[in-house]
Amino acid sequence: MTDRISPSILSADYGRLSEALERLAAAGADMVHIDVMDGHFVPNITLGAPVVRCLRGSTPLFFDVHLMISDPLRYVGDFAAAGADRITFHVEADSDVAATLDAIEAAGKEAGLAVKPGTPVDAVYPYLRRLSMVLVMTVEPGFGGQSFRADMLPKLRALREECARQGVPELDVQVDGGISAATIGQAAAAGANVFVSGSALFGSADMQAEIARFKALAAAARQ
Ligand code: DX5
Ligand code: ZN
């Protein structure tokens, strides 16, 4: 299982995003997590495809785009054209899941499917073989800086078992929300291997050291 760290620029200074991307690259981030919120699916608004397109021009980092929007199918083409590498959308959104996966595949992008805390994880089971990643939210989506919900750990365990049952044991399982040095071990031990972190990483004095520490803690917790 390869662990990957996906810092969320939700915690960056939105007036200086290209500097944030440089900081992430220098710190050894495996990718950058871009939170897209529409003020409808979640009670907050962040940025859209035009901003992703501008960021694409300033970094080769893998763009891990998390759509918290009501109608992802409508915007898949925009985000793909803007330079997203993986497009993750919510199983709770209004768009047809299979049709949205079709659109992401047609655009030649990786697909991720996300579940909110209140949604049983088996909602994603019918789609596992079409996904590059499942995202299990460990906070209610909408805002950074919330506390990690340990009551989501059983979902991670169940998902990892189901991945093995379906013959995709190495599927990436991402956790997003409240990930820090204090919580990453629990998530790793339960089956996660891709860790989004906003406030903990952007608030650290030495992001490179903190990313290395996160990876060491994840590996140790899995022993
Ligand atoms: C929340 C976002 C997260 C957020 C995580 O809706 O999806 O990606 O940036 O921030 P922290 O790590 O501060 O919980
Ligand atoms: Zn996110």
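Since every read-out is calculated from the coordinates, none of them should be taken as a lab result. Here the structure is a predicted model, which means the values were calculated and not measured. Cβ atoms come from the backbone with ideal geometry, glycine included; neighbour counts cover every protein chain shown.
Things worth noting here:
- Matching entry among 155, 116 (being under 14 Å from residue 90 (Cα atoms) and charged (D, E, K, R)): 116
- Residues in segment 100-110 that are at negative phi and either outside any helix (DSSP H, G or I) or out of contact with any helix residue (DSSP H, G or I) (no Cβ under 8 Å at 6 or more places or on another chain) (or both) were compared, and the one that is surrounded by the fewest Cβ atoms within 10 Å (Cβ to Cβ) is 106.
- A Cβ distance below 9 Å, combined with a sequence gap of six or more or placement on separate chains, defines the contacts here; from segment 197-222, residues that are touching a residue at least 60 places away in the same chain (Cβ under 8 Å) reach residues that are of a type in the set (Phe, Trp, Tyr) and not in a helix (DSSP H, G or I) in the pairs 214/195; 215/195; 218/195.
- Test result for residue 176, farther than 26 Å from residue 9 by Cβ, among the acidic types (Asp, Glu) and within 16 Å of ligand 1 (Cβ to nearest atom): no
- Unmet criterion (only one of (1) surrounded by 15 or more Cβ atoms within 10 Å (Cβ to Cβ); (2) in a loop (DSSP other than H, G, I, E, B); (3) away from ligand 2 (no atom under 13 Å from the Cβ)) for residue 147: (1)
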